[in-house]
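Below you'll find the structure, written out as structure tokens, and then a few comments.
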Amino acid sequence: MCGIVGYIGKNNAVDAIVDGLHRLEYRGYDSAGISIVKDKKIVTYKDKGRVVHLSEIIPDNNESNIGIGHTRWATHGKPLKKNAHPHSDCSGKISIVHNGIIENYLKLKKKLIKEGHKFRSDTDTEIIAHLIEKFYVDEIKLEQAVKMALDKIVGTYGLAVISSREPEKIVAVRNSSPLIIGVGDNENFIASDATAVVKYTKKIIYLEDEEIAVVKSDEIKIYNKKNIKVNKKIMSLKWGEEHISKNGFSHFMLKEISEEARSYANTLAGHIDYEEGSTHLGGMVNLFPGNSIHSIKRIIIIGCGTSWHSGLLGEYYLERFTEIPTEVEYASEFRYRSPVVDQDTFVIAISQSGETADTIAAIKEAKERGAKVFGIVNVVGSTISREVDQGLYIHVGPEIGVASTKAFLSQTLALFLIALNIGRKKHISLKAGLEYIRELEEMPKKIQMVLDSSKKSMKNLAMEYSKSKNFLYLGRGVHFPIALEGALKLKEISYIHAEGYPAGEMKHGPLALIDGKFPTFFVAPNDSIFEKSLSNIQEIKARNGKIILLTNKENRIPKNIVDSIIIIPETLPEFYPFLEIIPLQLFAYYLAVIKGCDVDKPRNLAKSVTVE
């Protein structure tokens, strides 16, 4: 959600910034802009629409060694040119880009207007530029003026500021909104996401909350909120530019679905313990040394969207294997309802980006109440990875498509690894543990089998149902979260209404919707509750509903009861979700393509939701 890029150095800032903004398009945005210092003046270009449009309105002869750019996802103010970032002060000597929300902006704006400041936009962001202008007088340096302005602000921000008065520096500061510094050779970068700078450098500094950085081409100084200089560790990215290219695929989403067998294997690597029939999880050992794992009286899983769905699967695994009461909470609701959390509560926070604002807030709430917090994240060095007590990286590589696919699969695997780790210390036998880990290691082959067999069939199925305006997704037990996630994928990228429901709840409302134009996906392998699912299928068929059945065998299915069948390989009952989700992701993808939707950048959505 929103993207920041800044550059200062030996090369042309315009080229580096526009390139970086292109790489941040996956985050979601509706306008874009850039400011540079040229001939001792701030020059700004911005407009609503895509980055490609921005690059077209920037004259060819615009060269500068310093600049900042932004992609905006509208919050305060419609997606119009006047509301696009960067924003400037009255004098035009200051330019800023901002991610986040200023909560007290109306009060500050009224006061600034009374003092004579003229506003040009409807945004909350613009007040920051005018506050900086207010304090940026006499011998005050830019970083001092920024600090004085932020002392007046309540809210969240990732902020980059330049001034024509001091064209040799960019000032950057963060508070609950991600910001990194890319360290180059006589050039440095500011960005909200490392994908913007990986083409130029793999050396990254992660800013912490309330740290302020003064970035020059050959020098970086960082200060904490007490204005004390701090020495920051330079991290090295483990992935490169090749990981954020499509590699011949039509869309990032299809590429990322196609990578799921490898992503799963990367998450699993190094975590199998054959001797104990369990899993190696260093973070769990550090968090619960000795026998302290038995102190856990309650488990809470927090996440948003797709991560919440993986949490529902984790709830099933954890309660089954550990017999510890487990709940799954929406991170966005967690801290607003006085959650019952104490030192005997184990909290698991899930976020692909590691920057989800609601999840970060929930983590802080849980820690304040004494809970031990474990993170499952993908992005190394992200805010959540630093906020939690311990954690597990899923290592699926960059996920560029807004609709999460490979991360969901690996988040679910990570939760299973935790459940088995605790379960072996409590109730699961060595024999059962060994059976699970042997099947875990077989799973990449089966995932690849599903990928290879499903692409053509799901494309054909999507063509068959391309005119449908509604879908129902049903499942029981461990298959219910897959029904939810399948429906979410369809909604996200094709804009078709879809609902996921527990199959047993079908008679309590959804059945009223069923007719010949309302198809139903039924996720129902042949397991202990298949007969129950078969009864639900019969009820839908009796009302002329179209049935698409996702199962593992055909031989127990009466003829003429289903309209389409998707077959997945046999596995242990707990592991069917790893295979079931793949055809549903592919169906959503192909249906969105048929409809002509922007698959990787669906309307109104952002990859990294960094504001509440």
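The values are calculated or read from the model by the stated rules, or taken from the named source; none is laboratory data. Everything quoted here is computed from the prediction, not taken from an experiment. All Cβ positions, even for glycine, are placed from backbone atoms using ideal geometry, and neighbour counts span all protein chains on display. To get the accessible areas, we keep the full protein, side chains included, count just its heavy atoms, and leave off ligands, DNA and RNA. Shrake-Rupley method; radii C 1.70, N 1.55, O 1.52, S 1.80 Å.
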Look at residue 242 and say whether it is assigned to a helix (DSSP H, G or I), of a type in the set (Asp, Glu), more than 15 Å from residue 190 (Cβ to Cβ) and modelled with pLDDT under 90.
-> yes
Using beta carbons and a limit of 7 Å, which pairs, at least six apart or on different chains, have the first residue in the stretch 189-200 and farther than 17 Å from residue 8 by Cβ and the second one open to solvent by 10 Å² or more (accessible area, probe 1.4 Å) and basic (Lys, Arg)?
-> 195/23
Checked 337, 320, 369 against criteria (farther than 30 Å from residue 175 by Cβ, more than 20 Å from the chain's Cα centre (by Cα) and either among the hydrophobic types (A, V, I, L, M, F, W, C) or open to solvent by 40 Å² or more (accessible area, probe 1.4 Å) (or both)); the one match is 320
Does residue 37 fit the bill of being surrounded by fewer than 21 Cβ atoms within 10 Å (Cβ to Cβ) and either on the phi < 0 side of the Ramachandran plot or modelled with pLDDT of 90 or more (or both)?
-> no
When the stretch 1-32 is examined, which residues are found to be free of Cβ contacts under 8 Å to residues at least 60 places away in the same chain, open to solvent by less than 10 Å² (accessible area, probe 1.4 Å) and in contact with a helix residue (DSSP H, G or I) (Cβ under 8 Å, 6 or more places away or on another chain)?
-> 31, 32
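Only one residue in 56, 63 is open to solvent by 10 Å² or more (accessible area, probe 1.4 Å), among the acidic types (Asp, Glu) and assigned to a loop (DSSP other than H, G, I, E, B). Which one? Show your work before the answer.
Numbers: 56 fails: assigned to a loop (DSSP other than H, G, I, E, B).
Result: 63 is the single residue among 56, 63 that is open to solvent by 10 Å² or more (accessible area, probe 1.4 Å), among the acidic types (Asp, Glu) and assigned to a loop (DSSP other than H, G, I, E, B).
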The stretch 349-367 residues that are touching a residue at least 60 places away in the same chain (Cβ under 8 Å), paired with ones that are open to solvent by 20 Å² or more (accessible area, probe 1.4 Å) and part of a helix (DSSP H, G or I) (beta carbon under 7 Å, 6 or more apart) | 358/332; 360/387; 363/387
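Considering every residue within the stretch 75-92, establish whether at least one is among the hydrophobic types (A, V, I, L, M, F, W, C) and within 23 Å of residue 217 (Cβ to Cβ). Step through it out loud before you land on a result.
Quick first cut of the stretch 75-92, residues among the hydrophobic types (A, V, I, L, M, F, W, C) only: 80, 84, 90.
With within 23 Å of residue 217 (Cβ to Cβ) added as a condition, the list becomes none.
No, that holds for no residue.
Is it the case, given these coordinates, that residue 234 is within 23 Å of residue 393 (Cβ to Cβ) and more than 21 Å from the chain's Cα centre (by Cα)?
Working: within 23 Å of residue 393 (Cβ to Cβ): yes; more than 21 Å from the chain's Cα centre (by Cα): yes.
Judged against the criteria, residue 234 is a match.
Tell me, which residue of the stretch 97-128 that is part of a helix (DSSP H, G or I), more than 28 Å from the chain's Cα centre (by Cα) and of a type outside the set (Lys, Arg) is surrounded by the most Cβ atoms within 10 Å (Cβ to Cβ)?
127
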When the stretch 151-168 is checked residue by residue, the ones that are open to solvent by 10 Å² or more (accessible area, probe 1.4 Å) and in contact (Cβ under 8 Å) with a residue 60 or more places away in the chain are 156, 164, 165, 167, 168
Within the stretch 260-298, how many residues turn out to be among the β-branched types (Val, Ile, Thr) and buried (at least 24 other Cβ atoms within 10 Å of the Cβ)?
-> 2
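Give the residues of the stretch 122-147 that are aromatic (Phe, Trp, Tyr) and under 15 Å from residue 169 (Cβ atoms), sorted by residue number. Outline the logic, then answer.
We begin by selecting, within the stretch 122-147, every residue aromatic (Phe, Trp, Tyr); these are 135-136.
Scanning the stretch 122-147 gives a single hit, 136.
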Exactly one of (1) of a type outside the set (S, T, N, Q); (2) out of contact with any Phe, Trp or Tyr (no Cβ under 7 Å at 6 or more places or on another chain); (3) touching a residue at least 60 places away in the same chain (Cβ under 8 Å); (4) surrounded by 15 or more Cβ atoms within 10 Å (Cβ to Cβ) is unmet by residue 205. Its number?
-> (3)
Going by the structure shown, is residue 246 open to solvent by 30 Å² or more (accessible area, probe 1.4 Å), more than 20 Å from the chain's Cα centre (by Cα) and either within 28 Å of residue 26 (Cα to Cα) or touching a residue at least 40 places away in the same chain (Cβ under 8 Å) (or both)?
-> no
Residue within the stretch 378-392 that is modelled with pLDDT under 95, open to solvent by less than 10 Å² (accessible area, probe 1.4 Å) and of a type in the set (A, V, I, L, M, F, W, C) present = yes
Those strands (runs of 3 or more DSSP E) lying entirely in the stretch 265-376 with at least 1 residues β-branched (Val, Ile, Thr) and on the phi > 0 side of the Ramachandran plot = none
If you take the residues in the stretch 490-517 that are outside any helix (DSSP H, G or I) and of a type in the set (Asp, Glu), which one is nearest to the chain's Cα centre (by Cα)?
-> 499
